[in-house]
Amino acid sequence: MMNPIAQWRTRDNYYRLQGVTCTSCHKKFFPKKHLCVCGGSTFENYTFSGEGILKTFTQITVSPTVFKDAVPYCVGIVELAEGPRIIAPLTDVALDDLSIDMPVVAVFRRYCSNGEKGIISYFDQDWPAGTSMSGEKTYGCKFIKPIKRVMDELGYPYRIFGRPKSIFSIYNKIKTKSVSFEEIYDLFAVRIVLDVPRNKEKAACWQVYSEVTDVFKPIPERLKDWITTPKSNGYESLHTTVIGPEGKFVEVQLRTERMDEIAERGFAAHWKYKGITNQPDVYDTWLDSIREIMDNPNSDALEFISDFKNNLYAEEIFVVTPMGDMINMPKGSTALDFAFHIHTDVGYHCKAVKVNNSSQWSDESVYSKRQLLD
Amino acid sequence: MNVAVIGVGHTKFGELWDQSINDLLAHAQLEAFADARLKPQAIDEIYTANMCAGMIEGQLHLGALAAEVIGVDLPATRIEAACVSGSLALRAGMMAIASKQAEVVLVSGVEKMTDVSNDVIATTLFGASDVEAEKYTGVTFPGLFAMITRSYFHKYGITRKDLAHVSVKNHAHAALNPLAHLRKSITHEQVLASSMVADPLSLLDCSLVSDGAAAVVLCSKEFAEKNNYTPIYITGSGASVDSIHLAARDDITTFQATNKAAQKAFAMAGVTPDDIDVLEVHDAFTMAEIMAVEDLGFVEKGKGAHAIASGEMNLDGRLPTNPSGGLKAKGHPVGATGVAQAVEIVKQLRGECGQRQVDNAKIGLTHNVGGIGTTVAVHIFQKEV
């Protein structure tokens, strides 16, 4: 158990895998160094990607008391993609799953707690990346194995892998939902990426959804379909949460290689796919909205930033017009925003709105999937 | 810089519940004085090696304690460098004589480890590593060496079966050593069947947790000649360090610090590995002995396991290694180990080792390691200079 002050002092190192880079020769170090091999002594903080290769490992069977409950557990030396080697606990694996030179990625895990009211420590640990989880003993393998079987029968080329949740999304969840680390049900998530032509994407994803939910029972309210209606930042994916073995909740993300690349690399990756179909392009829509914001002479800088950010990050709500058109708007939008979205004149002349056929003042927030009449 | 060893003392190693750290220190030190036919008052300085007492018993200030138990008032310093404390205390004693600040020096080493739980011992021994960078990953000291072992297996294609020969050999040697902690022979099958500690290292791949103390009386060549001693000389001393954070090293299948310390010691003594008749190496783990004989230059890299399996390193082999039984079977009271290795080599060169005597030994070597190949000290002992 690290003492609380040492834990505080090293929080960026262990919670974010932050080391340093030498300002002269750009060599990177973890943990931080005071004198570089090149002789330089000025460093800048550097956050590592967390991707690496397992160079050696062991399984501890005789452990210090603080780790007794975890026995047996694995520890390894990982060579990070940026160069330095670190010692890291290996999580969600058994000894048989490991091999020298296998890829791993850093994930965030609870590490130990100092009694009921003491400090809980978290740690960056390493998790085997890619499709290499082949052992029998781990939860990930128990979950993935039956899914692999149905996927093989379906015949689409695919990749399936455990998706570690990012520290930031865990943090957000703890904050917004007031839940403890242990209560986050989809700490374990699986991503299935299909390699199918553009015109078969949607059908293929839903077909896989249907097969997966035959294996594991889905939780209906956790279904999110961002393939039919992509987020305005371009994110496309079909998410569901299923009840896996041992009654644990597991999030399953279904998408195609194209969608995965956009999700992982952003719109830059999108150029590659432009012009393949005639469907209205989410990227163009997004770019148009940015242009619109920039062209607006009345908006001030702060408003611009906030609009821009909304477009990039905000959660979406979907609003349906009386004609049945679905419109994406940022969460927190009011009926008046909706009116302006239809046409500036509609906005200027709006006094009250009908939400789901009942009257409402136009400046109250509307909720997703309600039908608006002006 | 030839420094003479004129007296040696060595307690039994083992689970010595009836003896305190003071008792052990007194026993080893007084035995060394008796052997040197000197009164404690004859010395000018004391260096005492100890690693764990501060953490296990809360006892610091070991230098003063070492002086107290033999009733002297003179400069007394405690030296700590994890498991290599003993050899660095020996080096400090040599330096005191070489600098002519002292003519006769007492070097001792002591550790009392069996009074407390394994958990306390494990935490204390982990102090030899980079605590902030490594400890909180849950890795243990054997775990660090297990990762080295796996890398070595991967690179040189040996297996646990090859390691087991080291354990079998050292236990066979210890059976002949009345001061050893575990005086019994074991079989190859027993080693392989012993319970796993940190894969691929099992219980019988690991050295012992022991109580014990050792001491030597050093003096200048002039003092030895003037007083008609027939001493054993320390003719070479080399030490070096490598990164304390294991992951910071590119290659963990070779200990650079052993290479460097050995080169310095051989150069100072003016001898080569071919001249060595007997050696005590730091076999904290079976893998460590294989790496030691390679990194010291006795065996080609990657061939150490084969050399040991072939019997070359047995008592009656070409290069008897760890005739005392080593850390594996004689025991490893960490602060005492480096000094105890020196005692064994001195006794071998004097021809006082009874059943485990190496025939006609004239030049001997000790190799002592602190941490995971982090600090290494090598000393060369000669009968004639």
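See the values below:
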{"read-out": "Residue, surrounded by the fewest Cβ atoms within 10 Å (Cβ to Cβ), within segment B:30-57, restricted to residues that are under 21 Å from B:ALA82 (Cα atoms) and within 20 Å of the chain's Cα centre (by Cα)", "value": "B:ALA53"}
{"read-out": "Of all residues making up segment B:228-260, the number that are small (Gly, Ala, Ser) and touching an Asp or Glu at 6+ places or on another chain (Cβ under 9 Å)", "value": "4"}
{"read-out": "Matching residues, segment B:122-181, being β-branched (Val, Ile, Thr), in contact with a helix residue (DSSP H, G or I) (Cβ under 9 Å, 6 or more places away or on another chain) and more than 7 Å from chain A (Cβ to nearest Cβ)", "value": "B:THR124, B:ILE148, B:THR149, B:ILE158, B:THR159, B:VAL166, B:VAL168"}
{"read-out": "Condition met for B:ASP274 (free of Cβ contacts under 8 Å to residues at least 40 places away in the same chain and within 30 Å of B:ALA146 (Cβ to Cβ))", "value": "no"}
{"read-out": "Per-region count, segment B:99-121, residues crowded, with 20+ Cβ neighbours inside 10 Å and at the interface with another protein chain (Cβ under 8 Å from one of its Cβ atoms)", "value": "0"}
{"read-out": "Number of the condition not met by B:MET51 [criteria: (1) more than 29 Å from B:THR124 (Cβ to Cβ); (2) part of a loop (DSSP other than H, G, I, E, B)]", "value": "(1)"}
{"read-out": "Any hit, segment A:87-97, residues being modelled with pLDDT under 85, within 14 Å of chain B (Cβ to nearest Cβ), in contact with a helix residue (DSSP H, G or I) (Cβ under 7 Å, 6 or more places away or on another chain) and within 30 Å of A:LYS33 (Cα to Cα)", "value": "no"}
{"read-out": "B:ALA224 aliphatic (A, V, I, L, M), under 30 Å from A:LYS28 (Cα atoms), away from every other protein chain (no Cβ under 14 Å) and surrounded by 18 or more Cβ atoms within 10 Å (Cβ to Cβ)", "value": "no"}
{"read-out": "Wholly enclosed strands (runs of 3 or more DSSP E) of segment B:169-281 bearing at least 3 residues among the β-branched types (Val, Ile, Thr)", "value": "B:232-241"}
{"read-out": "Selection within segment B:360-381 - closer than 16 Å to B:VAL343 by Cβ, of a type outside the set (Ser, Thr, Tyr) and part of a strand (DSSP E or B)", "value": "B:GLY364, B:LEU365, B:HIS367, B:ASN368, B:ALA377, B:HIS379, B:ILE380, B:PHE381"}
{"read-out": "Members of segment A:77-86 found to be crowded, with 23+ Cβ neighbours inside 10 Å and at the interface with chain B (Cβ under 7 Å from one of its Cβ atoms), listed by number", "value": "A:ILE77, A:ILE86"}
{"read-out": "Any hit, segment B:102-117, residues being in contact with a strand residue (DSSP E or B) (Cβ under 8 Å, 6 or more places away or on another chain) and in a helix (DSSP H, G or I)", "value": "no"}
{"read-out": "Residue match in segment A:211-220 (condition: under 16 Å from the mean Cα position of the chain (by Cα), more than 16 Å from A:GLU264 (Cα to Cα), in a strand (DSSP E or B) and not charged (D, E, K, R))", "value": "no"}
{"read-out": "Number of the condition not met by A:GLY50 [criteria: (1) over 26 Å from A:ARG109 (Cβ atoms); (2) within 28 Å of the chain's Cα centre (by Cα)]", "value": "(1)"}
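Here is a yes/no grid of residues against (1) under 25 Å from the mean Cα position of the chain (by Cα); (2) of a type in the set (Lys, Arg); (3) over 23 Å from A:LEU95 (Cβ atoms); (4) crowded, with 20+ Cβ neighbours inside 10 Å:
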site	(1), (2), (3), (4)
B:LEU125	yes, no, yes, yes
B:THR137	no, no, no, yes
B:PRO142	yes, no, no, yes
B:MET147	yes, no, no, yes
B:SER151	yes, no, no, no
B:LYS169	yes, yes, yes, yes
B:LEU176	yes, no, yes, no
B:HIS181	yes, no, yes, yes
B:VAL191	yes, no, no, yes
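The values are calculated or read from the model by the stated rules, or taken from the named source; none is laboratory data. Predicted model only: the values in this text are computed from it and were never measured. No Cβ is skipped: glycine too gets one built from the backbone with ideal geometry, and neighbour counts run over all protein chains shown.
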